[in-house]
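Here the structure is laid out as structure tokens; the discussion comes afterwards.
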Amino acid sequence: MQYNVAQLLREPTGSTRSFLVEKTSVGGPESPEATQGEVRILRTHQGVLVNADIEVEANLTCSRCLRGFPRSSSLHIEEEFFAAIDLSTGRHLDQPSSDEPSFSIDEDNVVDLTEVLRQYVIADEPMKPLCRAECLGLCHVCGNDLNQGICKCDAGSLDPRWGALAGLLKTADG
Ligand SMILES: [Zn+2]
Ligand SMILES: [Zn+2]
């Protein structure tokens, strides 16, 4: 997701460009992919301000039933990119000093949104992904996927600490 802003940087502050997002892989364990969206780039005093709305699809693993499922989300990105060189003199510019990580326009006047998007995708991922809110998860005794049907252990509603005991009782019964 690279956008050349050489022309825009020669224009006055406030000038804008819009780009449509093409299907792109973002990279990462859940293989997230940008599917569509729009990127607006505004010329600022020190560089450009990127405003983007991007649809991302990723393959997550449900924390209850361990099945993979697709999740799509709309991310809104707003980040300023600072120019690395002064276009009129060609000299390197000092990056604004700040504790905040900042992004810069590279020396070929390219704004690369891939890393930015990757960070937004990570921040957006749920800590405990669920394939659906009412996912029943796996049986603590036999590992059966309770979404597919109740197993014979009938342990789905039991505290997992009782699971082993329930298993023993069952053996004694049989
Ligand atoms: Zn699930
Ligand atoms: Zn079971």
Practice problem: May I ask you to verify whether residue 110 is surrounded by fewer than 16 Cβ atoms within 10 Å (Cβ to Cβ), over 14 Å from the mean Cα position of the chain (by Cα), under 27 Å from residue 22 (Cβ atoms) and not hydroxyl-bearing (Ser, Thr, Tyr)? | Solution: yes
Self-check item: Hits in segment 56-74 - residues which are assigned to a strand (DSSP E or B), exposed (fewer than 15 other Cβ atoms within 10 Å of the Cβ) and not small (Gly, Ala, Ser)
Solution: 59, 61, 70
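Of the residues that sit in segment 12-46 and are assigned to a strand (DSSP E or B) and touching a helix residue (DSSP H, G or I) at 6+ places or on another chain (Cβ under 6 Å), which one is farthest from residue 75 (Cα to Cα)? Outline the logic, then answer.
Let us first name the residues in segment 12-46 that are assigned to a strand (DSSP E or B), namely 16-20, 24-25, 33-43.
After this cut, where a residue has to be touching a helix residue (DSSP H, G or I) at 6+ places or on another chain (Cβ under 6 Å) as well, the list is 17, 43.
Working: 17: 19, 43: 22 Å.
The qualifying residue farthest from residue 75 (Cα to Cα) is 43.
Within segment 26-46, which residues are farther than 19 Å from residue 106 by Cα and open to solvent by 80 Å² or more (accessible area, probe 1.4 Å)?
Residues of segment 26-46 that are farther than 19 Å from residue 106 by Cα, as a first pass: 26-38.
29, 36, listed by residue number.
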Self-check item: Number of the condition not met by residue 77 [criteria: (1) touching a Leu at 6+ places or on another chain (Cβ under 9 Å); (2) over 13 Å from residue 120 (Cα atoms)]
Solution: (2)
Quiz item: Which members of segment 115-147 meet the condition of being outside any loop (DSSP other than H, G, I, E, B) and open to solvent by 40 Å² or more (accessible area, probe 1.4 Å)?
Solution: 115, 118, 119, 120, 122, 123, 124, 138
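The values are calculated or read from the model by the stated rules, or taken from the named source; none is laboratory data. Predicted, not measured: the structure shown is a model, and the values here were computed from it. For neighbour counting, all protein chains shown are included, and Cβ atoms are generated from backbone atoms with ideal geometry for every residue, glycine included. Just so you know, the surface numbers come from the protein's heavy atoms only, side chains and all, with ligands and any DNA or RNA stripped out. Shrake-Rupley method; radii C 1.70, N 1.55, O 1.52, S 1.80 Å.
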